[in-house]
Amino acid sequence: RMTELNLAPARIDVGKLVSAARASGSELIAHVDEALASGCGEAKASSEPADVVLYGFGRIGRLLARMLVNKVGGGQKARLRAVVVRPKGGADLARRASLLRRDSVHGPFAGSIDLDHENNEFIINGNRVKLLYANAPEEIDYTEHGINNAVIIDNTGKWRDREGLGRHLKARGASRVLLTAPAKGDIPNIVFGVNSDDIDPDETIYSAASCTTNAVVPPLAVIDAEFGIQSGHI
């Protein structure tokens, strides 16, 4: 039945579909149609993944690169197109590839990383990722590299307010900014699954909050909703 539907790229657990149909007593085909209805249609199926640029390539940036590349092709709506770092010179491409291959906690990268020195690109599991150099966000023209309406993930921590992060939006080809640290001022701090429904499509700068916040807030939200919290210490 699913081959007859105009599905957008997606990951579908057939076992869960069958199990849910049996549990509800529904006829299987009807249940499949109902469960997958929101993922069908011309607009859904033709939507393109968003271009993503990592501004900074420290440990957070490298782990993000791993996750983004590992999810390519599974219906995910983001594809890593470029990494921006400060000019270093020398064998910089090879050095950064070596850091991407190995992490002292998360272990070796489970895939292939080749180098295209002529185009200054990583080839990560077959995905070409450009290594770009810049001293300031606004001096880059992403469109020169075929990157458009990109989400810029700033993992440098250098700028945390709207004025500083807004410099990314002055670059051609950039459309949104995501900070991998707590933001200052009126920038929304979003923890996925907790307040991600509050995302405003017109907002162009967001913070993903801190690692501590992302670790603590999801269970706290569940505890507070179920039992209530009067006070606490973390």
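Checked against the criterion of being open to solvent by 40 Å² or more (accessible area, probe 1.4 Å), closer than 29 Å to GLY90 by Cα and not in a loop (DSSP other than H, G, I, E, B), the stretch 204-220 contains not a single residue that satisfies it. Number of residues in the stretch 179-201 that are open to solvent by less than 40 Å² (accessible area, probe 1.4 Å), in contact (Cβ under 8 Å) with a residue 24 or more places away in the chain and either farther than 23 Å from LEU80 by Cβ or part of a loop (DSSP other than H, G, I, E, B) (or both) equals 5.
The conditions of being closer than 18 Å to HIS168 by Cβ and modelled with pLDDT of 95 or more are met by LEU131.
Quick check on ALA183: is it small (Gly, Ala, Ser), in contact with a strand residue (DSSP E or B) (Cβ under 9 Å, 6 or more places away or on another chain) and farther than 18 Å from ARG62 by Cβ? For ALA183, the condition - small (Gly, Ala, Ser), in contact with a strand residue (DSSP E or B) (Cβ under 9 Å, 6 or more places away or on another chain) and farther than 18 Å from ARG62 by Cβ - is met. Evaluated against (1) assigned to a loop (DSSP other than H, G, I, E, B); (2) in contact with a Lys or Arg (Cβ under 8 Å, 6 or more places away or on another chain); (3) over 20 Å from ALA78 (Cβ atoms), GLY164 falls short on exactly one condition, (1).
Restricting attention to the stretch 145-155, does a residue exist that is of a type in the set (D, E, K, R), farther than 15 Å from GLY56 by Cβ and either part of a strand (DSSP E or B) or open to solvent by less than 70 Å² (accessible area, probe 1.4 Å) (or both)? No, because not a single residue in the stretch 145-155 is of a type in the set (D, E, K, R), farther than 15 Å from GLY56 by Cβ and either part of a strand (DSSP E or B) or open to solvent by less than 70 Å² (accessible area, probe 1.4 Å) (or both). Residue pairs whose Cβ atoms lie under 9 Å apart, separated by 6 or more positions or on different chains, with the first residue in the stretch 94-107 and closer than 15 Å to VAL129 by Cβ and part of a loop (DSSP other than H, G, I, E, B) and the second of a type in the set (Ser, Thr, Tyr) and open to solvent by 100 Å² or more (accessible area, probe 1.4 Å), do not occur.
A search for C-beta distances below 6 Å between a residue of the stretch 127-141 that is of a type in the set (A, V, I, L, M) and any residue that is surrounded by fewer than 19 Cβ atoms within 10 Å (Cβ to Cβ), counting only pairs 6+ apart in sequence or on different chains, returns LEU131/LEU93; LEU131/ASN120; ILE140/ALA134.
Evaluating VAL129 against the criteria (1) more than 21 Å from the chain's Cα centre (by Cα); (2) not in a loop (DSSP other than H, G, I, E, B) leaves one unmet condition, (1).
Of the candidates ARG167, ARG176, ARG160, the single residue that is closer than 20 Å to VAL85 by Cα, basic (Lys, Arg), open to solvent by 40 Å² or more (accessible area, probe 1.4 Å) and touching a helix residue (DSSP H, G or I) at 6+ places or on another chain (Cβ under 6 Å) is ARG167. Within the set ALA30, ALA20, ALA37, ALA43, the sole residue that is among the aliphatic types (A, V, I, L, M) and modelled with pLDDT under 70 turns out to be ALA43.
Table: residues versus (1) within 25 Å of VAL151 (Cα to Cα); (2) open to solvent by 50 Å² or more (accessible area, probe 1.4 Å); (3) at pLDDT 90 or above.
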site: VAL72; (1), (2), (3): yes, yes, no
site: ARG81; (1), (2), (3): yes, yes, yes
site: ASP92; (1), (2), (3): yes, no, yes
site: ASN125; (1), (2), (3): yes, yes, yes
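The values are calculated or read from the model by the stated rules, or taken from the named source; none is laboratory data. This is a predicted model, so every value here is computed, not measured. Ideal geometry is used to build each Cβ from the backbone, glycine not excepted, and the neighbour counts take in all protein chains shown. Remember, those area values only see protein heavy atoms, side chains included, never the ligands or the DNA or RNA. Shrake-Rupley method; radii C 1.70, N 1.55, O 1.52, S 1.80 Å.
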